[in-house]
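I have placed the structure first, in the form of structure tokens, so that the comments after it can refer back to it.
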Amino acid sequence: MATIRASCPDCGDVELTTKDVQVRICDDNNVGTYSFRCPHCRMTVVKPAESRTIDLLVASGVSFTTWRLPDELNEPHVGEPISHDDLLDFHHLLNDDTRLTEALADFTAG
């Protein structure tokens, strides 16, 4: 089993095995990251990785998974983006059962 050296932002350089590291690659743009749990502080560390680094990690036995960007990124967006005030209004609406029921009735009737 290969030994992999990586760097934790809090603890500095750490030594890991291939079982301690995971690689993720985006199928849409080939952007990759590797992650590991620091053996000292137990925090999960995620770092971007160039394709050469990913190739070396996978060749040494690190497991990898692929993922895809969400389809919502390709949907057309109409209207203004929501604002902080919109979020606050929505939060207050969710906390008021009467207004929430009325809003849902308006939504389903429209």
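The values are calculated or read from the model by the stated rules, or taken from the named source; none is laboratory data. Worth saying up front: this structure is predicted, and the values here are computed from it rather than measured. Positions of Cβ are generated from backbone atoms using ideal geometry, with glycine treated the same way; all protein chains shown enter the neighbour counts.
Just a few scattered comments:
- Of all positions in segment 72-85, none carries a residue that is touching a strand residue (DSSP E or B) at 6+ places or on another chain (Cβ under 8 Å), outside any loop (DSSP other than H, G, I, E, B) and not hydroxyl-bearing (Ser, Thr, Tyr).
- The set of residues from segment 37-53 being more than 18 Å from the chain's Cα centre (by Cα) and not polar (S, T, N, Q) comprises Cys38, Pro39, His40, Cys41, Arg42, Arg52.
- Considering (1) surrounded by 11 or more Cβ atoms within 10 Å (Cβ to Cβ); (2) in a helix (DSSP H, G or I), the lone condition that Thr98 does not fulfil carries the number (1).
- Segment 11-44, residues that are part of a strand (DSSP E or B) and not β-branched (Val, Ile, Thr): Gly12, Asp13, Glu15, Leu16, Gln22, Arg24, Cys26, Gly32, Tyr34, Ser35, Phe36, Arg37
- Residues of segment 74-100 that turn out to be under 30 Å from Asn29 (Cα atoms) and either aromatic (Phe, Trp, Tyr) or modelled with pLDDT under 90 (or both), as a count: 1
- Of all residues in segment 2-15, one or more are surrounded by fewer than 16 Cβ atoms within 10 Å (Cβ to Cβ), of a type in the set (A, V, I, L, M, F, W, C) and touching a residue at least 12 places away in the same chain (Cβ under 8 Å).
- Look at segment 54-73: where a residue is farther than 13 Å from Thr33 by Cβ and touching a residue at least 24 places away in the same chain (Cβ under 8 Å) and a partner is among the acidic types (Asp, Glu) and not in a strand (DSSP E or B), sitting 6+ places away or on another chain with Cβ atoms under 6 Å, you get Arg68/Asp27; Arg68/Asp28; Leu69/Asp28.
- Hey, Thr33 in contact with a Leu (Cβ under 9 Å, 6 or more places away or on another chain), of a type in the set (S, T, N, Q) and either surrounded by 12 or more Cβ atoms within 10 Å (Cβ to Cβ) or modelled with pLDDT of 95 or more (or both) or not: no
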